[in-house]
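Asks: Sharing a structure below in structure tokens format, with a few things to ask.
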Amino acid sequence: MSQAVLTISSRNYSSWSLRGWLLCKMAGLDFRERVVPIDDPNVRAELLMLSPSFLVPKLDHDGVVVWGVLAIADYLAETFPAAGLFPKDGKARAHCRSVSGEMHQGFFNLRSALPMNLNVRYEGFTVWQGARHDIERVFALWRECLSAYGGPYLFGASPTVADAMFAPVCTRFYTYDVGMDAACADYVAVIRRWAPLVEWTEAALAEPDHFKELDAEF
């Protein structure tokens with residue numbers, strides 16, 4: 001069996017690449033990375049949110065090609081059931097799918113106003129009203145899950161697909177110094193200490209390429 005290949009773009013800027021990579025790590029998949037340069041037109045369109053569909057991340061595994069974060073999550077959960085990407089309990093599993101799906105298809109204002117950038121930190125950043133509703137909805141989802149399942153991850157003691165989906169949001173809230181209550185702040189701290197995210201962040205900080213449009217302080 002040939003080694004799996006995960007196609008990603010920028011570690012520093014691509015939240016979707018991060019999500020797919022975290023899912024592969026959580027599944028225990030042996031894979032290598034194929035990195036598409038940020039000057040690729042499709043990557044540029046993705047990072048600037050000018051494209052309605054994204055070509056990364058894409059997973060090639062054992063003759064199967066699957067792209068899109070939720071499709072990758074479902075494939076890995078079916079292929080590696082012991083990895084526990086979704087909760088075992090049926091009700092919690094349905095809840096996890098809903099929370100993950102909401103992140104996947106929504107929060108456009110948040111993603112537009114606070115693009116992922118692991119190389120910077122904007123203390124005292126002003127978050128305009130357009131993104132505030134999205135931010136408050138994220139906090140509400142986190143508080144609901146942490147209260148229902150006891151933390152420290154959204155669905156209990158171990159990370160699930162939902163945590164992979166919201167990990168880039170945690171990095172955004174740190175980058176842009178978003179204020180939050182203690183429960184949400186604790187969750188962000190847990191995710192930022194999560195070993196796979198630490199590994200990804202270290203690689204992102206060493207990444208040589210920079211995207212001027214996303215490095216501007218605005």
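The values are calculated or read from the model by the stated rules, or taken from the named source; none is laboratory data. These numbers were taken from a predicted model, which means no experiment stands behind them. Positions of Cβ are generated from backbone atoms using ideal geometry, with glycine treated the same way; all protein chains shown enter the neighbour counts.
Asks: Kindly evaluate residue 104 against the criterion of being on the phi < 0 side of the Ramachandran plot and in contact (Cβ under 8 Å) with a residue 60 or more places away in the chain. I'd like the intermediate steps shown before the answer.
Replies: Numbers: on the phi < 0 side of the Ramachandran plot: yes; in contact (Cβ under 8 Å) with a residue 60 or more places away in the chain: yes.
Spelling it out, residue 104 is indeed on the phi < 0 side of the Ramachandran plot and in contact (Cβ under 8 Å) with a residue 60 or more places away in the chain.
Asks: Separate question: Criterion first (modelled with pLDDT of 95 or more and closer than 28 Å to residue 33 by Cβ) does residue 149 satisfy it? Break it down stepwise before answering.
Replies: On the way: modelled with pLDDT of 95 or more: yes; closer than 28 Å to residue 33 by Cβ: no.
No: the conditions fail for residue 149.
Okay, residues lined up against (1) in a loop (DSSP other than H, G, I, E, B); (2) touching a helix residue (DSSP H, G or I) at 6+ places or on another chain (Cβ under 6 Å); (3) of a type in the set (A, V, I, L, M, F, W, C):
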| position | (1), (2), (3) |
| --- | --- |
| 77 | no, no, yes |
| 82 | no, no, yes |
| 88 | yes, no, no |
| 94 | no, no, yes |
| 97 | no, no, no |
| 101 | no, no, no |
| 104 | no, yes, no |
| 111 | no, no, no |
| 118 | yes, yes, yes |
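This table checks each residue for (1) touching a residue at least 24 places away in the same chain (Cβ under 8 Å); (2) in contact with a strand residue (DSSP E or B) (Cβ under 6 Å, 6 or more places away or on another chain); (3) exposed (fewer than 13 other Cβ atoms within 10 Å of the Cβ); (4) of a type in the set (Gly, Ala, Ser).
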site: 175; (1), (2), (3), (4): yes, no, no, no
site: 178; (1), (2), (3), (4): yes, no, no, no
site: 183; (1), (2), (3), (4): yes, no, no, yes
site: 186; (1), (2), (3), (4): yes, no, no, no
site: 192; (1), (2), (3), (4): no, no, no, no
site: 195; (1), (2), (3), (4): no, no, yes, yes
site: 200; (1), (2), (3), (4): yes, no, no, no
site: 203; (1), (2), (3), (4): yes, no, no, yes
site: 207; (1), (2), (3), (4): yes, no, no, no
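Asks: Give segment 23-62 a look and list any residue that's under 17 Å from residue 117 (Cα atoms), aliphatic (A, V, I, L, M) and either modelled with pLDDT of 90 or more or part of a loop (DSSP other than H, G, I, E, B) (or both), or say none.
Replies: Applying the first criterion (under 17 Å from residue 117 (Cα atoms)) to segment 23-62 yields 37-39, 43-49.
If we keep only those that are aliphatic (A, V, I, L, M) as well, we get 38, 43, 45, 47-49.
Those that are under 17 Å from residue 117 (Cα atoms), aliphatic (A, V, I, L, M) and either modelled with pLDDT of 90 or more or part of a loop (DSSP other than H, G, I, E, B) (or both): 38, 48, 49.
Asks: To continue, here is another question. Where residues in segment 120-139 are within 21 Å of residue 19 (Cβ to Cβ) and not in a loop (DSSP other than H, G, I, E, B), which of them is modelled with the lowest pLDDT? Don't jump to the end; show me each part of the working.
Replies: At the first step, the residues of segment 120-139 found to be within 21 Å of residue 19 (Cβ to Cβ) are 120, 131, 134-135, 137-139.
Among the residues that remain, those that are also not in a loop (DSSP other than H, G, I, E, B) are: 131, 134-135, 137-139.
Numbers: 131: 94, 134: 97, 135: 98, 137: 98, 138: 98, 139: 98.
The qualifying residue modelled with the lowest pLDDT is 131.
Asks: Next question, about the same structure. For segment 174-195, enumerate the residues that are in a loop (DSSP other than H, G, I, E, B) and over 14 Å from the mean Cα position of the chain (by Cα).
Replies: Just the residues of segment 174-195 that are in a loop (DSSP other than H, G, I, E, B), to begin with: 176-181, 194.
Residues satisfying the conditions are 176, 177, 178, 179, 180, 181.
Asks: Would you please list the contacts, defined by Cβ atoms under 8 Å and residues six or more apart or on different chains, that run from a residue in segment 135-160 that is under 16 Å from residue 188 (Cβ atoms) to a residue that is among the polar types (S, T, N, Q) and at pLDDT 95 or above?
Replies: Going by the 8 Å Cβ cut-off, the qualifying pairs are 153/160; 154/160.
Asks: I'm trying to understand the selection: among the residues of segment 74-112, which are surrounded by 15 or more Cβ atoms within 10 Å (Cβ to Cβ), under 16 Å from the mean Cα position of the chain (by Cα) and small (Gly, Ala, Ser)?
Replies: Of everything in segment 74-112, just one residue is surrounded by 15 or more Cβ atoms within 10 Å (Cβ to Cβ), under 16 Å from the mean Cα position of the chain (by Cα) and small (Gly, Ala, Ser), namely 100.
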